[in-house]
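Down below is the structure, laid out as structure tokens.
Laboratory data are not the source of any read-out in this text; all were calculated from the coordinates shown. Keep in mind it's a predicted model, so treat the numbers as computed, not measured. Every residue, glycine among them, receives a Cβ derived from its backbone with ideal geometry; neighbour counts consider all protein chains shown.
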Ligand SMILES: *Cc1c(COP(=O)(O)O)cnc(C)c1O
């Protein structure tokens, strides 16, 4: 069907592309949703149509190529569904969004560039909020999918649009241009991000410039010579009437800019092209100043030119934090601390994150007045009330005069307070237990104090887990194995130190196929945290068999002794239960073959007896057969890996012929996926790679670090040459030095072998060596080369300090560093 024939009235409906987010921040219900079934590498939206139908969604855009006879049959069972069949659902979504955009004759700012897009967008919206009703991209929704979803909500009330556009490959900007149709462009920076997708930097700049081929004005920094050149070569040729506003601090440009340090901040002066203003911003780093200058120029172009107004608004700019943090709270609560900007789309995203967490806990929302939405309160608060009800919030605490005024529109159980202090003084906070609590407030409500009330006291040493990096890594390995191979993720040992329940929750959200733990109680803990994925338990003791059955955990079976114990256990079970109910359904087990590790598992010559035994006992169903490679990370062991593969294939086929059915077969761990992808079989077992270490070292750049271990400086001392630091006088100073004591020691997992300068930590951008021995709870470092202060943050490992290198320094492997971080160190999970 051609898009013109898609009679979808974009103003009356809202687009849905993720089946998990049926309801979104709009005035619409499921009946007004149109689901675009999109196929990606790992998911296929077509699989969820019936499920959505049951949730009352009635309009579906589907792809011809995805309609197998079974699926057509399935769709035919949905009598009053409206189904549009197209070649590409994504393209249909994009074209509808473009058509929708064309209806509005308002200024629209389009932002592209390698860095700074989101900050420029957020600041611009913040500065212009009093003058315009703004629709902007939520967070960094700037992709082929994110842009149409950002633009679609435009309506007659809006007087300004601000959208960002990001591309990673040639030919992507065309579509984004037609959806955004910017009248004012901002090209922030050009750097190396996504270089790999392009022939050259020039090509990337040229592609990005397509966003502005119909813009009236373009703002850019002239110092990026590649941008300036291509604008004159290419853009001017297709858009000769465009008004170029180049700016620079260090060379002639249309607008001359000056940055002058002034009482803790910077004065930005801007002169030329008819403008002459000065404002003060509370920043001094170059990136913030560059972003603020773009914002100032765009604000002027949009007609807000009163210097008093500008001064006041720019003085209030604050760093944009896009983090959503998940922390463990007191009284078995989980806390989501959302410091992101305060608008409806942000609230919707945060509520989705709330819903991703443990389903067995109560959902609590602490919410202040929303100040930056560009909506009238009469529309805003009813919309919030609907959203809060749809997302299943079970208790609301509303803070602020507006929340109080509109309290009658909320349908969920709620309490309202005029100020944050009033909330803090109420007893209600003490009564909240076993809940997930989302705390989301505008800055002026100082919700830090609410967060502090809920969060456990810590000694300020934290392991931060970047959930976006985890997702990135999962996708990297998924792409490697392709859609036909399942993924089992190893979450043993507290998910390699990262925190099992939270990591498992994310993996469940991303629909991995299996999880694996070492012991039954790890599996039980996951079930108690609402994890429903199949879970394999690698080392179950007989005392835990009852638990395994009750919690639907699937044991690994590696020996005849264990197999006998299981059969005995199940026989007893059955006899006990014969009167009440039929015997338990076949129990899924996983058979481990020993092909060379010589740790656990059946040897090849056991398989005849094993096959016969399993065939005679159909009460056990072999869900999978697997083995483990001993040296997939090192090239020198590849011949042995090949040998193991041959042996595994031989063993698993023997077993299959006895069983008469085919269990899943799996062999590869993280390094194996990269080094020996041809052995991926039916499933792979992903471990350390997910947690950010690419141990085969073949594609280290593809995996992002996940964990950052941080602490703070407790005390600083200036010591003289010849003095000593720490136990046994090991840290002898050869010169006068500034020594800082950190709130972390070997009991937290900072290995004692890192003492005496072996370890280096990151303080304000400088690597500082340890001094003397590492103590149980403290570590001393030499900070002579820094200007660090007491209370400053210190990074022990994480992006600037590679875990692989740290491990090498003390002759161990990254696995030990990761799993060594003590459970007393608080984990903080965040996503941008
Ligand atoms: C831990 C483990 C893995 C994962 O190994 P990584 O090297 O972390 O990817 C895979 N299989 C088995 C049996 C394991 O015990």
(message) Shape verdict for region 55-190, please, from the Cα gyration tensor: rounded (a/c under 1.5), prolate (a/b greater than b/c) or oblate.
(response) prolate
(request) Based on the mean of other Cβ atoms within 10 Å per residue, sort peptides 161-172, 181-192, 244-255 so the most packed one is first. (result) 181-192, 161-172, 244-255
(message) Suppose only helical runs count, i.e. DSSP H with n ≥ 4. What mean residue ellipticity at 222 nm does that imply for the chain under -39500 (n - 2.57) per run, divided by all residues and rounded to the nearest 500 deg cm²/dmol?
(response) -9000 deg cm²/dmol
(request) Report the relative contact order of region 191-249, percent, no decimals, based on alpha-carbon pairs under 8 angstrom and at least 6 residues apart. (result) 39 percent
(request) Compare the peptides 789-799, 124-134 by average per-residue count of other Cβ atoms within 10 angstrom and give them in order, highest first. (result) 124-134, 789-799
(message) Give me the extension gain from residue 509 to residue 203: residue separation times 0.36 nm, minus the current Cα-Cα distance, reported in nm with one decimal.
(response) 106.5 nm
(request) Take the Cβ-Cβ distance between residue 568 and residue 193 as r, set R0 to 60 Å, and report the resulting FRET efficiency rounded to the nearest 0.05. (result) 0.50
(request) Please find the FRET efficiency linking residue 140 to residue 422, where r is the Cβ-Cβ separation and R0 is fixed at 35 Å, and quote it to the nearest 0.05. (result) 0.50
(message) Give me 112, 17, 330 sorted ascending by neighbouring Cβ count inside 10 Å, so fewest comes first.
(response) 330, 17, 112
(message) With 10 angstrom as the radius, rank 561, 323, 243 by how many other C-beta atoms surround their C-beta, starting from the fewest.
(response) 561, 243, 323
(request) Output the relative contact order of the chain, whole-number percent, from Cα pairs under 8 angstrom with separation of 6+ residues. (result) 8 percent
(message) If each residue of separation counts as 0.36 nm, what is the full-extension length gain between residue 714 and residue 640 once their alpha-carbon separation is subtracted?
(response) 21.6 nm
(message) For 604, 96, 659, which order do you get if you count the other beta carbons within 10 Å of each Cβ and list the fewest first?
(response) 604, 659, 96
(message) Run the simple label-point estimate for residue 776 and residue 446 please: 7 Å along Cα→C-beta, distance reported in nm.
(response) 3.8 nm
(message) Using the Kirkwood radius over C-alpha pairs as Rh, can you work out the diffusion coefficient of region 597-753 via Stokes-Einstein at 10 °C, viscosity 1.306 mPa s, in µm² per second?
(response) 79 µm²/s
(request) Evaluate the Debye formula for region 158-210 with equal point scatterers sitting on the alpha carbons, no solvent, and hand back log10 of I(q)/I(0) at q = 0.17, 0.22 Å⁻¹, in q order, two decimals. (result) -0.53, -0.84
(request) Quote the Stokes-Einstein diffusion coefficient, in whole µm² s⁻¹, for region 720-814, based on the Kirkwood radius over alpha carbon pairs, a temperature of 4 °C and a viscosity of 1.567 mPa s. (result) 97 µm²/s
(request) Could you calculate the contour length gain from residue 732 to residue 541, that is, 0.36 nm times the residue separation minus the distance between their Cα atoms, to one decimal place in nm? (result) 63.7 nm
(message) Counting only Cα atoms, I'd like the Rg/Rh figure for region 324-456, Kirkwood definition for Rh.
(response) 0.92
(request) Order the peptides 591-599, 409-417, 152-160 from the highest to the lowest mean number of other Cβ atoms within 10 Å of their residues. (result) 591-599, 152-160, 409-417
(message) Suppose each label sits 7 Å from its Cα in the direction of the beta carbon; what would the residue 171-residue 362 distance come out to in nanometres?
(response) 5.5 nm
(message) From the gyration tensor of the Cα coordinates in the chain, what semi-axes in whole Å does the equivalent ellipsoid have, largest first, with each one equal to sqrt(5λ)?
(response) 47, 37, 29
(request) Between residue 214 and residue 608, take the C-beta separation as r, use R0 = 56 Å, and let me know the FRET efficiency to the nearest 0.05. (result) 0.15
(request) Could I have the simple spin-label model distance between residue 285 and residue 723, label points 7 Å from Cα toward Cβ, reported in nm to one decimal? (result) 3.2 nm
